[in-house]
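So the structure is just underneath, and the comments pick up after that.
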Amino acid sequence: MKHLFKPAITTAIAAAVAGVLSAPAAAQQGPIKVGFMLPATGTFANLGNMIENGFKMYVAEQGGKIGGREVQYFKVDDESDPAKATDNVNKLIKRDQVDVVVGTVHSGVALAMAKVARETNTLLIVPNAGADVITGAMCAKNIFRTSFSNWQPAYAMGKVAAERGHKNVMTITWNYAAGNESVKGFQEGFEKGGGKISQNLTLPFPNVEYQALLTQIASQKPDAVYAFFAGGGAVKFVKDYVAAGLNKTIPLYGPGFLTDGTLEAQGAAAQGLVTTLHYADNLNTPRDNAFRLNFAKTYKTNADVYAVQGYDAAQLLTTGVKAVGGDIGKRDQMILAMRSAAIDSPRGKFTLSPAHNPIQDIYLREVKGNNNEVKGVAIKALADPARGCKQG
């Protein structure tokens, strides 16, 4: 009987060994799973859509592949709700078993995502949320950002406001991570230039009942106001500010999120607004012109900073995947390539800090028509201080 069983056993073992040997090769040929955790509903829905479109356009420009691998997309609406963030990101990590998570817009949601990414060692690319701590105290080798820290455009605007001779400024924002950090960044830059913040006004996110706070501004008559709002909230704030007549005597400043992706809805109210950001319209470089043309053709709308950030998230991921010849199992080599990448972005070339945040020019922009026209560079190659980051 043993002679009858030997060939069968040998065949079974051979088949098993062949299966084990071919498994990595088979996986290698499978698609790279990209999980989008972005807002699909609520005040930030359009921002999430632009990020996704930018990412997908870069992949399409590469022939639909990254490092020779097909790309498969998975999506979860983060609802801009930090309370749901852990469960939502785990749908992508545990249920869909994605190779990389791309998200999100809301800083509070992104903080929860970063915590899970650290715990599970999941590759996370943040294409918007500027929470300073993500590339500060929560920095990790597997977490990257292709956007900005809240500190960067805010600090630059503080410098600009001081240079314009303003001495007394009030700030207004939603009371959440992004708003509070933006105000702190502005205050740091403004006070360094000799200015003083007389009062910080806040309201709960995503509340848009600004009237009582605008009345306070009118009564206190500061030299200027610094505001952080984005999406639908930014549309209403700018309109309400002008409707209250404040723009006639009290200049309004903000980071570019106040006017990016919102100009058509803001209309005449936004005209002349000055903001700072890592992107601007009419940069008029060959790289940006090609990007904008392709985006307009593909999506029948103009690109904005959110589209650029999504596009660059795909660029950064591609840099890593190409460096390992498509074998994303070689995580250390892939991450090393990503952290040392020089990204040829539509915004201008940038590199990453040791904390994995872009080191980039911050532009001074002014609203003209439906464009945030570049007026110059507020600060060149500005690196976030990455306070509390132990990763190097």
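Could you tell me whether any residue of segment 357-372 is aromatic (Phe, Trp, Tyr), at pLDDT 95 or above, surrounded by 19 or more Cβ atoms within 10 Å (Cβ to Cβ) and not in a strand (DSSP E or B)? No, segment 357-372 has no match at all.
Hey, among the residues in segment 31-70 that are more than 25 Å from Asn302 (Cα to Cα) and without any contact (Cβ under 8 Å) to a residue 60 or more places away in the chain, which one's most open to solvent (accessible area, probe 1.4 Å)? Taking the candidates together, the pick is Glu70. Can we say Lys236 is closer than 30 Å to Glu79 by Cα and basic (Lys, Arg)? Judged against the criteria, Lys236 is a match.
The residue that is most open to solvent (accessible area, probe 1.4 Å), among those in segment 74-104 that are assigned to a strand (DSSP E or B) and in contact (Cβ under 8 Å) with a residue 40 or more places away in the chain, is Lys75.
In segment 373-388, the residue that is surrounded by the most Cβ atoms within 10 Å (Cβ to Cβ) out of those that are under 22 Å from Gly193 (Cα atoms) and of a type in the set (D, E, K, R) is Asp384.
Checking each residue in segment 199-209 for being surrounded by 13 or more Cβ atoms within 10 Å (Cβ to Cβ), out of contact with any Lys or Arg (no Cβ under 7 Å at 6 or more places or on another chain) and at pLDDT 95 or above picks out Gln199, Asn200, Leu201, Thr202, Leu203.
Checking each residue of segment 2-17 against the condition of being open to solvent by 40 Å² or more (accessible area, probe 1.4 Å), modelled with pLDDT under 90 and either closer than 23 Å to Val321 by Cβ or touching a strand residue (DSSP E or B) at 6+ places or on another chain (Cβ under 9 Å) (or both) gives no match. Cβ separations smaller than 6 Å between residues 6+ apart or across chains give the following pairs from segment 149-165 residues that are among the hydrophobic types (A, V, I, L, M, F, W, C) to residues that are assigned to a helix (DSSP H, G or I): Trp151/Asp132; Trp151/Gly185; Ala154/Ser182; Ala154/Gly185; Ala154/Phe186; Met157/Phe186; Ala161/Phe190; Ala162/Phe190.
The values are calculated or read from the model by the stated rules, or taken from the named source; none is laboratory data. Note that this is a predicted model, so its numbers are computed, not measured. Quick reminder, even Gly has a Cβ in these numbers, built from the backbone with ideal geometry, and neighbours come from all protein chains shown. Surface areas here come from the heavy atoms of the whole protein model, side chains and all, with no ligands, DNA or RNA. Shrake-Rupley method; radii C 1.70, N 1.55, O 1.52, S 1.80 Å.
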